[in-house]
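Take a look at the structure below.
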Amino acid sequence: MRIAVYGAGGVGGYFGGRLAQAGADVHFIARGAHLQALREHGLRVRSVKGDFEVRVPATDDPADVGACDFVLFCVKTFDTDAAAARLGPLVGEDTAVVSLQNGVENEETLARAVGTDHVMGGAAFIFAQIAEPGGIAHTGGPASITFGELDGRASQRAKRLLARCEQAGFGAELSASIKTVLWAKLAFICAQAGMTAAARLPIGEIRTAAAAWAAFGRLVAEVCAVAAADGNPVPQAAQERALALAQAAEPGSFSSLHDDLLAGRRMELEALHGFVVRRAAQHRLAVPMSEAVYAILQPWAIRNQRASA
């Protein structure tokens with residue numbers, strides 16, 4: 001199985017590295033100092049599930065890789081358009097581009113670039129980030145992915161990817177309603193990212209402060225209300241799983257939004273809370289907690305984007 005990982009950061013690096021360990025023909029597409037380190041020293045992963053190192057071909061040019069069976073698309077949401085426009089050399093007749101990004105709009109962008117038949121939805125459940133060039137720190141979370149065809153089919157290619165993920169030793173699930181999964185993850189990530197970034201404290205301290213934990217729950221509920229209005233209702237059990245996931249997370253866990261804020265990097269705020277606020281307005285829904293978090297974090301997002309320009 002030939003797999004390209006487009007965006008070899010925390011998510012792409014961890015799952016791509018595990019797949020390479022299991023014998024898949026994995027190719028990383030990265031950039032900058034991280035790419036240089038991957039080429040010279042390979043990938044180093046410090047993980048709560050066991051450290052490992054792996055040598056994987058790495059490039060910044062998809063044309064160097066060629067057509068693959070799967071493309072794990074793991075770039076930040078604000079890079080989706082630019083990266084999607086470069087997917088052509090990676091896409092063969094039955095290639096599946098699997099988004100493992102935050103947010104619920106990425107699949108539409110990918111479909112415009114490569115065609116709906118080449119796109120699968122996906123969600124990664126993991127806390128991981130680039131610790132240093134060539135190095136990934138996996139600090140918590142289930143370290144699992146859920147994916148599926150956009151029309152809900154249990155296709156042969158989806159079953160092949162599921163089997164390969166299971167062989168690689170990380171959790172994987174094939175979903176017949178991936179859009180619902182994406183909305184459920186958005187609910188969780190808006191709460192986890194919003195609260196840890198706004199408070200600048202880890203989830204353990206959010207959980208032990210009654211008002212903050214109540215705000216976490218309201219963020220989940222608001223996103224699920226928007227999902228229902230948008231025609232993608234999130235089952236109550238899935239909402240409860242979002243809260244359970246936060247309860248089970250390592251006390252020191254933050255979020256990539258928090259990490260990007262502190263590091264002065266561009267933030268995914270618009271694809272998360274910004275999207276929720278805008279879509280809620282379209283449906284004339286009140287989402288006061290989402291609006292508050294968005295208002296608190298927007299100045300930081302603007303500052304970091306200017307600094308990154």
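Remarks
- Annotation: for a label point projected 7 angstrom from Cα along Cα→Cβ of VAL48, residues of region 141-158 with backbone N closer than 19 Å are 141-146.
- Positive-end residue, the chain charge dipole about Cα centroid, Cβ charges, pick of GLY7, ALA143, ALA199: ALA199
- Listed values for region 72-80 are Karplus-derived 3J(HN,Hα) couplings in whole Hz (6.51 cos²θ - 1.76 cosθ + 1.60, θ = phi - 60°), namely 7, 9, 10, 6, 5, 4, 6, 9, 4, and x replaces Gly and Pro.
- Relative intensity, log₁₀ I(q)/I(0), of the chain from a Debye sum that treats every alpha carbon as a point, q = 0.10, 0.11 Å⁻¹: -0.52, -0.63
- Each Lys and Arg contributes +1 and each Asp and Glu -1, all at the Cβ; summed about the Cα centre of region 234-309, the dipole is approximately 320 debye.
- When the solvent-accessible area of region 11-97 is split by element, carbon and sulfur atoms take up 45 percent of it, the probe being 1.4 Å.
- Charge dipole of region 22-145 (Cα centre as origin; +1 on each Lys and Arg Cβ, -1 on each Asp and Glu Cβ, all else neutral): 480 debye, rounded to the nearest 20.
- Spacing of the two label points (7 Å from each Cα toward its C-beta) at GLU132 and ALA199, in nm: 3.1 nm
- Using the alpha-carbon positions of region 167-240, Rg (one decimal) and Dmax (whole number) come out as 14.0, 43 Å.
- Here the label points at ALA292 and ALA22, each 7 Å from Cα along the C-beta direction, are separated by 4.2 nm in the simple model.
- Tilt relative to the chain, helix 10-21 - C-alpha long axis, 0 to 90 degrees, to 10: 40 degrees
- Hydrodynamic radius of region 1-102 per Kirkwood, over alpha carbon pairs, in Å: 13.5 Å
- Take region 189-309 with all the other protein chains still there, run a 1.4 Å probe, and you get 47 Å² of accessible area per residue.
- Within region 1-31: backbone nitrogen closer than 18 Å to the ASP79 label point (7 Å, Cα to C-beta): 4-17, 27-31
- Cα pair count fraction exceeding 16 Å, expressed as % - region 54-109: 43 percent
- The residues of region 78-187 expose on average 38 square angstrom of accessible surface per residue, using a 1.4 Å probe on protein heavy atoms.
- Over region 214-278, volume per residue of the alpha carbon convex hull, in Å³: 97 Å³
- To the nearest ten degrees, helix 210-229 and the longest principal axis of the Cα atoms of the chain are 70 degrees apart.
- Angle between the chain longest axis and helix 236-248 axis [Cα atoms, degrees, rounded to 10]: 80 degrees
- Trypsin sites (Lys or Arg not before Pro) lying in DSSP loop within region 255-309, provided at most 13 other Cβ fall within 10 Å: ARG284
- Nearest-20 debye value, the chain charge dipole, Cβ charges on Lys, Arg, Asp, Glu: 420 debye
- DSSP beta bridges confined to the chain are antiparallel in about 35 percent of cases.
- In this structure, the amide hydrogen of VAL26, modeled 1.01 Å from its nitrogen in the peptide plane, lies closer than 5 angstrom to those of ILE3, counting only residues at least 5 positions away or on a different chain.
- Cα-only Debye scattering, region 100-243: base-10 log of I(q)/I(0) at q = 0.16 Å⁻¹: -0.97
- Whole-Å semi-axes of region 244-306's equivalent ellipsoid (Cα gyration tensor): 22, 19, 8
- Cα gyration tensor shape for region 184-309, rounded if a/c is under 1.5, else prolate or oblate: oblate
- Using a probe of 1.4 angstrom and keeping all protein chains present, the accessible surface of region 1-61 works out to 40 square angstrom per residue.
The values are calculated or read from the model by the stated rules, or taken from the named source; none is laboratory data. Worth saying up front: this structure is predicted, and the values here are computed from it rather than measured. As a convention, Cβ positions derive from the backbone with ideal geometry for all residues, glycine included, and neighbour counts pool all protein chains shown. What goes into the accessible areas is simple: the full protein's heavy atoms, side chains included, and nothing from ligands, DNA or RNA. Shrake-Rupley method; radii C 1.70, N 1.55, O 1.52, S 1.80 Å.
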